[in-house]
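K.L.:
Once you've had a glance at the structure underneath, I'll fire off some questions.
Computed from the coordinates by the stated procedures, all read-outs in this text should not be read as laboratory data. All values reported here derive from a predicted model rather than from experimental measurement. Cβ coordinates were reconstructed from backbone atoms using ideal geometry, including for glycine residues, and neighbour counts include every protein chain displayed.
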């Protein structure tokens, strides 16, 4: 199954099975935080963002340059994820999608918890993402950003290929752009299993859960 491409379309809702794990990915500055802060919290859904761990740890390590304790933030983020998988809430995980090991780790942990993983990829032009970094005052080095962009393009190529092994790992992949993200009024977890056709007119998109 190839990715559902909603770039250039408007759909007010995305709907996933109850208890699913949803990774919302995009390069730094794409607009993931803006989207997720607008749509969450929701009852029965837990949002997991490494920024939560960074804020907590900054109380103790804030005087040390972040590059030295970044690995601790990532470790704390995944510990939080592993604990959340023991519960019953649906999970939304904020990720870049450009770190293959992180995606594989999330998928494997979800599978062990008898959950399926879904991907939403927020695709924006590099200059838009760079402007987003400036606006948030979280600008990263040009070399690091170039690496993110390169890996992102590789990820897009993979998910648009129905034969790529990534489709064995995740239940569904949905690609959106900034206008599509702005049009979203909700990401729901109602347990729906019907796939609605993608149309340019506003329509509810219910994402199916593929068999485990």
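K.L.:
Taking only C-alpha pairs under 8 Å that are 6+ residues apart, what is the relative contact order of the chain in percent?
P.N.:
47
K.L.:
Another question, then. Sorted from fewest to most neighbouring beta carbons within 10 Å, what does the list 69, 152 look like?
P.N.:
69, 152
K.L.:
What do you get for the angle between helix 66-84 and the principal long axis of the chain? Use alpha-carbon atoms, 0 to 90 degrees, nearest ten.
P.N.:
40
K.L.:
Next up: What is the helix-to-structure angle for 100-112, meaning the angle in degrees between its Cα long axis and the longest Cα principal axis of the chain, kept from 0 to 90 and rounded to the nearest 10?
P.N.:
With both axes taken from Cα atoms, the answer is about 60 degrees.
K.L.:
Starting with the fewest neighbours, write out 169, 114, 100 ranked by other beta-carbon atoms found within 10 Å of each beta-carbon.
P.N.:
Exposure proxy ranking, most exposed first: 114, 100, 169.
K.L.:
Run lengths n ≥ 4 of DSSP H only: what is the helix-derived mean residue ellipticity at 222 nm for the chain, with -39500 (n - 2.57) per run over all residues, to the nearest 500?
P.N.:
-13000 deg cm²/dmol
K.L.:
Right, another one. Mind checking the angle between helix 126-136 and the chain's longest principal axis? C-alpha axes, 0 to 90 degrees, to the nearest 10.
P.N.:
Roughly 60 degrees between the two axes.
K.L.:
Throw me the Rg/Rh for region 4-206, computed over C-alpha atoms with Kirkwood Rh, two decimals.
P.N.:
That ratio is 0.95, to two decimals.
K.L.:
Which order results if 105, 155, 85 are arranged by neighbouring Cβ count within 10 Å, fewest first?
P.N.:
Fewest-to-most ranking of 105, 155, 85: 105, 85, 155.
K.L.:
Next up: In a Gaussian network model over the chain where Cα atoms closer than 10 Å are linked, find which of 12, 165, 179 has the largest mean-square fluctuation.
P.N.:
165
K.L.:
Then there is this: Using Cα pairs closer than 8 Å and at least 6 residues apart in sequence, work out the relative contact order for region 1-82, in percent.
P.N.:
24
K.L.:
Let me ask another. Could you check which residue among 64, 92, 24 shows the biggest mean-square fluctuation in a GNM of the chain with a 10 Å Cα cutoff?
P.N.:
Fluctuation is largest for 64.
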